[in-house]
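Trainee: Below: one structure in structure tokens.
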Amino acid sequence: MIILRELKFLLNMRTLLLVAVLLFSSSINSQTEGEKLRIGYTSAAPFIVKNGEHIEGLNVWLWKRVANDLNLKYEMIPMQFSPMLDSLRSGGIDLSINPLTITSQRSKEMEFTHSFYASNATIAIAEVSSFDKFKLFVGGFFNFGFLSGLLILLFIIFLFGVLGWLFERKMNPNVFRPGSRGLWDGMWWSAVTLTTVGYGDKAPVTKLGKVTALVLMFGGLLFISGLTASIASSLTVNQLTNNPDGFNEFKDRAVGTIHNSGTEDFLSEHFFKNINTYENVPSGLRDLDHGNIKAFMYDEPILKYAIQRDSTLSKLELLPVKFDIQFYAFGLPKTHIELEQRISQRILEIVETEEWDIVLNEYGLAEF
């Protein structure tokens, strides 16, 4: 009997303990559900467009739709980009609705929802005016390669002109006249022969004169070809140097991007030597417009939107260069796994609807 009473007592205590745990858990859950989620954001048009106190954009629309469907209460907290990421890592905010690029390093520090948009980075540069292009073209002729080739050409004309005159002045005095006038005749014949113009007004008649002409013709043909190729190469290199259209051509130049962004990591990993970072896109594009950097590299839809909407940036253009494919998602702290799963499921359901395609078109993002 004593043993039975002890067993009943233990069972009752266990039941009471379980009830207490359930009540405590229920109170915690109800308290958590009653709290507002702290949502961090920073301007990133067209995904997040801030107009005074009002914000709109693709990500804002998506978050409001998700929050409404899941009955989530929240408060919006404007932040700078880098502090927002730090706050995500530390749990200072519950979620960021910015178009965060999913990277391996970030995945170690925070959770990501399912990706809802894919894009790429590109390069913004300042347009070169027609007058500047003309100056660059003319300047291509005044370089060491071209000037040295021109001096060699003049020396060849002088040398063979003198030789032609020496060999022809006695046997062919009517064509190669004596004295200084004869030297000019030799220069003229040498230049005409070297450039393969061949007027025929002057021609050698002696054996040494004809041998000289043969050497000048074949040697000059090779030299002129080499000089032409050198000039073309010089002009091409000069044009590429001042009008780059490739990703790797900027590695030794001053470039800009957003601080603590996926593009900054990408540029560092690809050995860019002079990276200037900014807290927002407009400040970086203004620096580019003022000539403080040679290029600004960041997400293509954000750069395109910023340049199109700001008339002061009309001299900037985007190069047809795409790199660093990026998948956008919302970010959460590592402790919010269950919330991330609920939001991800709802995002998947939304992006599969026709309404999502309509919203993409409204913000000019369907083409990317």
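Trainee: For GLY256, what residues show an amide H to amide H distance below 5 Å, using hydrogens built from the backbone and excluding near sequence neighbours?
Mentor: Those qualifying (amide H under 5 Å, at least 5 residues apart or on another chain) are ASN276, ALA295, PHE296, MET297.
Trainee: Right, here's the next one. With θ set to phi - 60°, apply the Karplus curve 6.51 cos²θ - 1.76 cosθ + 1.60 along the range 267-282 and write out the HN-Hα couplings as whole Hz, x wherever there is a Gly or Pro.
Mentor: Once θ is set to phi - 60°, the couplings for the range 267-282 become 5, 5, 5, 9, 6, 6, 8, 9, 9, 9, 10, 10, 7, 8, 5, x Hz.
Trainee: Taking the convex hull of the alpha carbon atoms in the range 240-358, what volume per residue do you get, in Å³?
Mentor: Taking only Cα atoms, the range 240-358 has a hull volume of 137 Å³ per residue.
Trainee: Let me ask something else about it. Can you tell me which lysines have their Cα less than 19 Å from the Cα of LYS251? Leave out same-chain residues fewer than eight positions away.
Mentor: Filter leaves LYS273, LYS294, LYS322.
Trainee: Could you work out how much longer the chain between LEU159 and GLU355 gets when fully extended? Use 0.36 nm per residue separation minus the Cα distance between them, nm to one decimal.
Mentor: Net length gain for the segment: 62.5 nm.
Trainee: Taking the Cβ of GLU56 as the center, what net charge do the other residues with Cβ under 14 Å away carry, scoring Lys and Arg +1 and Asp and Glu -1?
Mentor: Summing Lys and Arg as +1 and Asp and Glu as -1 gives +2.
Trainee: Once amide H atoms are placed 1.01 Å from N in the peptide plane, what residues at a sequence separation of 5 or more from ILE77, or on another chain, have their amide H within under 5 Å of its amide H?
Mentor: Placed amide hydrogens put ILE39, GLY40, TYR41 under 5 Å from ILE77.
Trainee: Around TRP189, under 14 Å between beta carbons, what's the net of Lys plus Arg minus Asp minus Glu among the other residues?
Mentor: Counting the neighbours of TRP189, the net charge comes to +2.
Trainee: Using the Cα gyration tensor of the range 274-343, with a ≥ b ≥ c the square roots of its eigenvalues, what is the shape: rounded (a/c below 1.5), prolate (a/b larger than b/c) or oblate (neither)?
Mentor: Judged from the Cα gyration tensor, the range 274-343 comes out prolate (a/c at least 1.5, a/b above b/c).
Trainee: Which of the lysines could be linked to LYS36 by a straight reach, that is with a Cα gap under 17 Å, when you skip same-chain ones fewer than 8 residues away?
Mentor: Within the straight-line limit of under 17 Å, LYS36 reaches these lysines: LYS64, LYS73.
Trainee: Further question: Could you give the length gained on full extension between GLU317 and ARG38, defined as 0.36 nm per residue of separation minus the Cα-Cα distance, in nm?
Mentor: Gain on extension, GLU317 to ARG38, equals 96.7 nm.
Trainee: From the phi of every residue in the range 333-342, what ³J(HN,Hα) in whole Hz does the Karplus formula 6.51 cos²θ - 1.76 cosθ + 1.60 yield, where θ is phi - 60° and glycine or proline is x?
Mentor: Running phi through 6.51 cos²θ - 1.76 cosθ + 1.60 with θ = phi - 60° gives x, 4, 7, 9, 5, 4, 5, 4, 5, 5 Hz.
Trainee: Still on this model: Taking the Kirkwood radius as the inverse of the mean 1/r across Cα pairs, report the Rg/Rh of the range 40-106.
Mentor: We get a ratio of 0.95 for the range 40-106.
Trainee: Could you work out how far apart the two model spin labels at MET217 and ASP86 are, taking each label as a point 7 Å from the Cα in the direction of the beta carbon, and quote it in nm?
Mentor: 8.0
The numbers here are math on the coordinates, done by the rules we state, and not lab data. Given the structure is predicted, the values throughout are model-derived calculations rather than measurements. Here Cβ is always computed from backbone atoms with ideal geometry, including for glycine, and neighbour counts include all displayed protein chains.
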